[in-house]
1. Among the residues of segment B:168-183, is any small (Gly, Ala, Ser), within 12 Å of B:LEU6 (Cα to Cα) and within 11 Å of another protein chain (Cβ to nearest Cβ)?
2. Residues of segment A:21-65 being under 19 Å from A:ARG7 (Cα atoms), among the charged types (D, E, K, R) and touching a residue at least 24 places away in the same chain (Cβ under 8 Å), which ones?
3. Go through (1) buried (at least 17 other Cβ atoms within 10 Å of the Cβ); (2) part of a strand (DSSP E or B); (3) away from every other protein chain (no Cβ under 14 Å) for A:PHE88 and report which single condition fails.
4. Of the conditions (1) within 17 Å of B:ALA184 (Cα to Cα); (2) in a helix (DSSP H, G or I), A:CYS63 clears all except one; give me its number.
5. For the condition away from every other protein chain (no Cβ under 14 Å), of a type in the set (A, V, I, L, M), closer than 18 Å to B:ALA63 by Cβ and touching a strand residue (DSSP E or B) at 6+ places or on another chain (Cβ under 6 Å), what is the one hit in B:ALA98, B:ALA118, B:ALA93?
6. Confirm whether B:GLU125 is touching a Leu at 6+ places or on another chain (Cβ under 8 Å) and at positive phi.
7. Within the set of pairs 6+ apart or on separate chains, which have a first residue in segment B:184-198 that is more than 15 Å from A:ALA76 (Cα to Cα), a second that is surrounded by fewer than 24 Cβ atoms within 10 Å (Cβ to Cβ), and C-beta atoms under 6 Å apart?
8. Within segment A:76-85, work out how many residues are at the interface with another protein chain (Cβ under 7 Å from one of its Cβ atoms), buried (at least 17 other Cβ atoms within 10 Å of the Cβ) and either of a type in the set (A, V, I, L, M, F, W, C) or more than 17 Å from B:ALA184 (Cβ to Cβ) (or both).
Amino acid sequence: MMRLRQRYLAIRLLTEESMPSEERFRSVLWTELQNLYGELGVSKIGFWVIIYHPELKAAIIRCQHDQVRALRATLATITRVGSTSLIFHVVGVSGTIRKAKTFIPELSTHREKRRRKSQ
Amino acid sequence: MRAYDLHVQEESQNMNKIKGLCSFANALGFSGLAIETSNSLPLGHLDEHFLMFRRITLSPKNAARLRFIVKKRRKLADIFAIHGRTKPISLAAAIIPAVDLVMLRDHGDFVTVDSQVARVLAKQEKPVEICLRGLLSLSGPNRSRLMRAMASAVSCLLRADCLFILTSGAKTRYGIRSPRDLAALSYFANIPEDAALKGIYDNPSALVERLLKTRDSKNEVRE
């Protein structure tokens with residue numbers, strides 16, 4: 001089977017209100033994508049939430065490499081998640097998760113802190 | 001490259017709110033905003049590095065008195081846009097030199113754009129503003145109807161090689177999108193990516209440069 005090329009979108013969630021739960025976040029994205037493209041379209045986009053960090057107000061989302069514009073456009077249409085008004089600001093697009101994390105430096109430093117704490 | 005959002009609305013009289021909106025847009029990557037506000041204070045002096053323009057959008061009922069109205073109110077704003085609600089209005093606005101933009105926002109506006117309107121706009125080198133607010137505010141059948149009308153109007157405009165500008169038309173800070181995200185949003189209007197980027201970066205920059213030149217020449221005359 002041919003390996004599918006993917007892209008990772010590093011996203012900052014701009015809001016002054018309390019952040020929604022991960023479940024809520026995922027469901028809103030799924031619903032919006034399904035409304036716009038249908039189930040077939042969503043399967044082509046290959047959307048998946050890799051990281052969602054409500055404390056850092058950041059997320060990394062995966063999609064197929066040729067569907068970046070479609071996913072980005074969908075994210076731009078979302079103005080609310082539950083009762084929270086927010087903006088999805090795509091800070092970078094990359095081919096690896098490691099590179100995507102560099103667009104949001106807090107993500108890697110936060111993980112490092114947690115690792116040190118557990119040690 | 002400099003990006004400008006030439007259509008943001010702020011109803012508030014409070015200058016701090018306008019300042020906040022501008023710093024938010026600056027953080028998102030914009031180099032300037034055109035604000036539609038009822039505030040009469042001069043906007044251009046809030047920040048040296050961030051350009052602000054006062055904008056008026058006129059929605060005339062018919063094209064007959066358009067030239068007279070434009071002449072009367074032109075001095076009140078830096079950017080003067082006409083809401084192209086009907087074909088005669090769009091055609092009349094295209095010929096009047098004092099009009100900076102012809103704005104298309106709702107389903108009804110996009111439906112009026114045909115190859116004739118597009119050709120006249122292209123010939124007069126009048127930029128067309130495509131306001132993407134409807135894509136955020138509408139949902140369901142209304143949104144799909146808007147997308148379809150947008151796509152058909154855009155195909156006419158692209159075929160005629162018309163200049164167009166993409167704007168958010170935001171009423172609150174949550175309506176503003178970063179330049180790249182705004183370009184991505186134009187995917188629903190069937191605008192190719194390179195044309196969308198031109199509509200965010202190149203075409204507004206050219207208009208802003210022209211505005212700054214006229215503003216400077218006016219100041220020289222006053223001095």
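1. yes
2. A:ARG26, A:ARG62
3. (3)
4. Among (1) within 17 Å of B:ALA184 (Cα to Cα); (2) in a helix (DSSP H, G or I), the lone unmet condition for A:CYS63 is (2).
5. Unique residue meeting the criteria: B:ALA93.
6. For B:GLU125, the condition - touching a Leu at 6+ places or on another chain (Cβ under 8 Å) and at positive phi - is met.
7. B:ASN190/B:ALA151
8. Number satisfying all stated conditions: 1.
We did not get these values from a lab; they are worked out from the coordinates using the rules stated. From a predicted model like this one, the values you see are computed outputs, not experimental measurements. All Cβ positions, even for glycine, are placed from backbone atoms using ideal geometry, and neighbour counts span all protein chains on display.
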